[in-house]
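The next block holds one structure in the form of structure tokens; read it before the comments.
Throughout, read-outs are computed from the coordinates displayed, never taken from laboratory work. Small disclaimer: the values here were computed from a predicted structure and weren't measured. Counting neighbours? That spans all protein chains shown, and the Cβs are built from the backbone with ideal geometry, glycine included.
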Amino acid sequence: MQSLLLWINGKAVPGSEHQTFVVTNPATEEPVYEVAEASLSDVETAVQAAKTAFHDGRWSKLPLSERQMHLLRFADLLEANQDKIVEAEARQSGKPVKLVRYSDLPFSIDNLRYFAGQLRNLEGQAQSEYNGAHSSWIRREPVGVVAGIAPWNYPVMMAVWKLAPALAAGNTMILKPASITPVTALMLGSIAKEAGIPDGVLNIIAGPGRTIGQALVQHPDVAMISLTGDTATGRQIMSAGASRVKRLHLELGGKAPAIVLNDANLEAAIRGVAVGSLVNSGQDCTAATRVYVHRSRYQDFLDGVVQAYREARLGDPLSLSTDLGPVVSQAQWQKIDGYVKNAVKMGGKLLLGGERPPHLSRGHYYAPTIITQVEQHWPIVQEEVFGPVLVVLPFNTDAEALALANDVDYGLASSVWTENLRRGLYFSRELAFGEVWLNDHLPLTSEMPHGGVKQSGFGHDLSRYSLDEYTTVKHVMADLNNETVKGWHFTILGDVPE
């Protein structure tokens, strides 16, 4: 097994209590990494390192050109180290290497470069004398120490999505990756140092969320918590952070609908929904998990999507020919299987899957699964399964499709498939989701925001909107007239002017 240490104040260090934990390859069920486990003492050390680095200005007060240079160098080094990062990501998470090499990692590199550019693109309200006597302007300033809590489904990409806007805005950070996939996040520490990012600006600690994650949320010197995770965790963090009125950025769960209208390009819809639902073995909060198909196209769609699912190749994540790897753990496998079995028990029809693939004797593999004859109120339609499971339901009218699509607690992502632009734009307005794709499902870009509504949280990753969320707004108001007694002072001292 390879060993990894924590990254605190510019150095790789063992945990203060010298505890470690093991990361297992979900494709082989074998231990592959031994990782230092942070203690509460390590949390305190990391927070103080970040606090010191913030207040002495070694990062926040750098000329913007220098801050940009370091982030661009960070991106270049991430690209230069891609081979070892891709392999580590596949081994710890079970993600196919082609997904990491051609999607996750390029997006991460692009995201760093985007925010390096955005930090010099300063915007703000025009300076003016709004009341005739004072000149006002706006300063956007970094929040301070940010704790970024990244999920296990996109370990390196989501780590970068946290650190890139936070550092671009001038903050310092403690990054806590998920305990089952901490490896690639920990690898970022030495890369950041080589890029010239000062000690203490980026700290990375690994360990259980119930202890070190909770300590970060409640720490008085942590100004902001940025979480990507499930909705239950988001609620816990909101509750824990309330005592200090903690600033929160929460990108939570999803239950994305795909609506296939009667005028859709059916072949495009079938392939697009298959890809959008099977990505990362369905372990994606934006994955297409429930499809509503116009009754006139329903059977043709079913036939096509079953065939597309049959073509998905499950196997060794390290092989470029593998389409789907395992799910991340046995616990996740059991959760997925529980939803499927429950749906069948309630009367759902299993068209495909619902089992471990027969040709794979080890690893947490779950066969691509399609279920029909389900009801809107069933858990498999309403709740986040987070696996390669698709439910398909028919509808008769546009109004019915919209009502069904919106009838969940989540509001992260959705898609509409139609050849009629006006119809598509109408649906994009009426769908209660932070993201609406027309004739596609899944792509994102660094320039545009990604975030949800309802139980999918608040705040945005990507885009200028994300950069703004890692800053505070300060209004500066200056008297230009140099008068000792000002015209409004009589309201507190003096008589009303005659």
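Just a few scattered comments:
- Candidate lysines for bridging to residue 98, where Cα separation is under 16 Å - those fewer than 8 sequence places away on the same chain excluded: 84
- Long pairs among 162/255; 61/246; 246/486; 61/486, criterion Cα-Cα beyond 30 Å: 246/486; 61/486
- Secondary-structure-derived ellipticity at 222 nm for the chain, considering helices only, amounts to -10500 deg cm²/dmol, per-run term -39500 (n - 2.57) for DSSP H runs with n ≥ 4.
- Binned Cα-Cα distances of segment 132-290, short to long, each 5 Å bin given as a whole percent: 2, 8, 15, 17, 16, 12, 10, 8, 6, 4, 2, 1, 0
- A straight line joining the Cα centroids of segment 261-315 and segment 162-187 runs 34 Å.
- Largest-first principal axis extents of the Cα set of segment 321-398 (Å): 43, 26, 19
- 3J(HN,Hα) along segment 12-19, derived from phi through the Karplus expression 6.51 cos²θ - 1.76 cosθ + 1.60 where θ = phi - 60°, amounts to 7, 9, x, x, 4, 9, 6, 8 Hz, with x in place of Gly and Pro.
- Amide H to amide H distances under 5 Å link residue 20 with 37, where only residues 5 or more positions off or on other chains count and H is placed in the peptide plane.
- Using θ = phi - 60° and Karplus 6.51 cos²θ - 1.76 cosθ + 1.60, couplings along segment 203-219 (whole Hz; Gly, Pro as x): 10, 10, 10, 10, x, x, x, 5, 10, 6, x, 4, 5, 5, 4, 8, 5
- As a ratio to 2.2 N^0.38 Å, the alpha-carbon radius of gyration computed for segment 256-438 takes the value 0.99.
- Debye log10 I(q)/I(0) at q = 0.13, 0.20, 0.23 Å⁻¹ for segment 432-498, Cα point scatterers: -0.59, -0.93, -1.09
- Spatial separation of Cα centroids for segment 221-235 and segment 408-443, in angstrom: 27 Å
- Rounded Å value of the spacing that divides the Cα centres of segment 477-498 and segment 95-148: 40 Å
- Remark on residue 375: its backbone amide H falls under 5 Å from none of the residues 5 or more positions apart or on other chains, H modelled at 1.01 Å from N.
- Antiparallel bridge percentage (DSSP; both residues within the chain; nearest 5): 40 percent
- Net charge of neighbours whose Cβ lies under 14 Å from the Cβ of residue 22, counting Lys and Arg as +1 and Asp and Glu as -1: -3
- Convex hull of Cα atoms in segment 119-214, direction-averaged projection (nm²): 8.4 nm²
- Cα gyration tensor shape for segment 208-293, rounded if a/c is under 1.5, else prolate or oblate: prolate
- Gyration tensor (alpha-carbon) shape descriptor, segment 1-82, a/c threshold 1.5: oblate
- Close amide H contacts of residue 293 (hydrogens built in the peptide plane, cut-off under 5 Å, sequence separation of 5 or more or a different chain): 260, 393, 395.
- Rel. contact order, % - alpha carbon contacts under 8 angstrom, at least six apart, the chain: 18 percent
- Taking 16 Å as the straight-line reach from the Cα of residue 51, the aspartates and glutamates in range (excluding those fewer than 8 positions away in the same chain) are 42, 141, 199, 221.
- For peptides 76-82, 90-96, 43-49, 183-189, sequence by mean Cβ density within 10 Å, most packed first: 90-96, 183-189, 43-49, 76-82
- Cα gyration tensor shape of the chain, rounded if a/c is under 1.5, else prolate or oblate by comparing a/b with b/c: oblate
- Shown in residue order for segment 136-145 are the 3J(HN,Hα) couplings computed by the Karplus curve 6.51 cos²θ - 1.76 cosθ + 1.60 at θ = phi - 60°: 10, 8, 10, 10, 9, 10, x, 6, x, 8 Hz (x for Gly and Pro).
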